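Enquirer: Next up is a structure, given as structure tokens.
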Amino acid sequence: MKDSCASPSSSSSAVLRAGELEKRSASLLQLWKKKRAELRADGLSLFSPEGGKGAAGGGLGGGRKELRFGAIQKVDCVERTGKYVYFTIVTTDRREIDFRCPGESCWNASITLALIDFQNKRALRDFHSRRQKEEEEAEQATARAPHAKPPTRRPRLARAS
């Protein structure tokens with residue numbers, strides 16, 4: 001299956017990249033299973049390959065797994081062999097999910113960049129909401145004590161576009 005890429009500025013529901021990954025099974029034998037993958041701005045969707053169990057409707061049946069970036073801590077353990085790149089996705093609950101892809105496909109880099117973008121946007125959102133909350137609390141304190149000296153304001157940071 002050919003990989004396809006879209007611009008990274010797409011919305012979270014838009015597919016940034018689609019293609020094929022192999023996921024190591026959690027069974028005793030730890031076999032590599034091919035999965036159809038869709039990378040979005042908010043996570044990675046894995047589907048059973050077409051024709052497999054639960055793959056009615058083009059793989060969208062019971063074989064769908066979602067790895068949301070909010071539950072992913074990092075992409076780790078990148079190792080390159082002759083044919084494959086092996087990497088591990090570490091979740092916030094410390095689970096490790098092993099993947100491999102053909103060396104030239106660079107899925108690990110695509111997932112890492114999308115994860116960093118997601119984490120940066122979340123950090124900016126958290127910073128702005130925390131700053132807004134602090135400003136609202138300062139305004140409420142000033143309204144309760146009109147004769148008190150207002151707290152000094154920190155300089156505003158320029159917003160990233």
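Enquirer: Against the condition at pLDDT 80 or above, more than 20 Å from residue 118 (Cα to Cα) and surrounded by 13 or more Cβ atoms within 10 Å (Cβ to Cβ), how does residue 69 come out, does it pass? Quick ask: steps written out before the conclusion?
Expert: Working: at pLDDT 80 or above: yes; more than 20 Å from residue 118 (Cα to Cα): no; surrounded by 13 or more Cβ atoms within 10 Å (Cβ to Cβ): yes.
So residue 69 does not fit the description; no.
Enquirer: When the range 89-105 is examined, which residues are found to be within 17 Å of the chain's Cα centre (by Cα) and open to solvent by 50 Å² or more (accessible area, probe 1.4 Å)?
Expert: Initially, the range 89-105 is screened for residues within 17 Å of the chain's Cα centre (by Cα), giving 89-99.
Across the range 89-105, the qualifying residues are 92, 93, 94, 95, 96.
Enquirer: Of (1) surrounded by 15 or more Cβ atoms within 10 Å (Cβ to Cβ); (2) touching a residue at least 24 places away in the same chain (Cβ under 8 Å), residue 86 satisfies all except one. Which?
Expert: (2)
Enquirer: Would the range 106-126 turn up any residue that is at pLDDT below 85, surrounded by 12 or more Cβ atoms within 10 Å (Cβ to Cβ) and part of a loop (DSSP other than H, G, I, E, B)?
Expert: We begin by selecting, within the range 106-126, every residue at pLDDT below 85; these are none.
No, because not a single residue in the range 106-126 is at pLDDT below 85, surrounded by 12 or more Cβ atoms within 10 Å (Cβ to Cβ) and part of a loop (DSSP other than H, G, I, E, B).
Enquirer: A further question follows. Specify the residue that is farthest from residue 118 (Cα to Cα); the eligible residues are those in the range 1-34 that are modelled with pLDDT under 90 and of a type in the set (D, E, K, R).
Expert: Of everything passing the filter in the range 1-34, 2 is farthest from residue 118 (Cα to Cα).
Enquirer: Take the range 74-89 and flag every residue that is part of a strand (DSSP E or B) and over 17 Å from residue 39 (Cβ atoms).
Expert: Filtering the range 74-89 for residues part of a strand (DSSP E or B) gives 74-80, 84-89.
76, 77, 79, 80, 84, 86 - these are the residues of the range 74-89 that are part of a strand (DSSP E or B) and over 17 Å from residue 39 (Cβ atoms).
Enquirer: In the range 43-66, which residue that is at pLDDT 85 or above and surrounded by 18 or more Cβ atoms within 10 Å (Cβ to Cβ) is farthest from residue 90 (Cα to Cα)? Walk me through it before giving the result.
Expert: Taking the range 43-66 first, the residues at pLDDT 85 or above are 43-48, 64-66.
In the following step, the residues that additionally are surrounded by 18 or more Cβ atoms within 10 Å (Cβ to Cβ) were identified as 43-48.
Details: 43: 13, 44: 13, 45: 16, 46: 16, 47: 19, 48: 21 Å.
Among them, the one singled out is 48.
Enquirer: Follow-up. State which residue is farthest from residue 26 (Cα to Cα) when the search covers only the range 72-81 and only residues that are open to solvent by less than 90 Å² (accessible area, probe 1.4 Å) and over 15 Å from the mean Cα position of the chain (by Cα).
Expert: Ranking the qualifying residues of the range 72-81, first place goes to 81.
Enquirer: Taking into account only those residues within the range 131-161 that are open to solvent by 100 Å² or more (accessible area, probe 1.4 Å) and outside any loop (DSSP other than H, G, I, E, B), which is modelled with the lowest pLDDT?
Expert: This residue is 144.
The values are calculated or read from the model by the stated rules, or taken from the named source; none is laboratory data. Keep in mind it's a predicted model, so treat the numbers as computed, not measured. Note: ideal-geometry Cβ built from the backbone for every residue, glycine included; neighbour counts use all protein chains shown. Just so you know, the surface numbers come from the protein's heavy atoms only, side chains and all, with ligands and any DNA or RNA stripped out. Shrake-Rupley method; radii C 1.70, N 1.55, O 1.52, S 1.80 Å.
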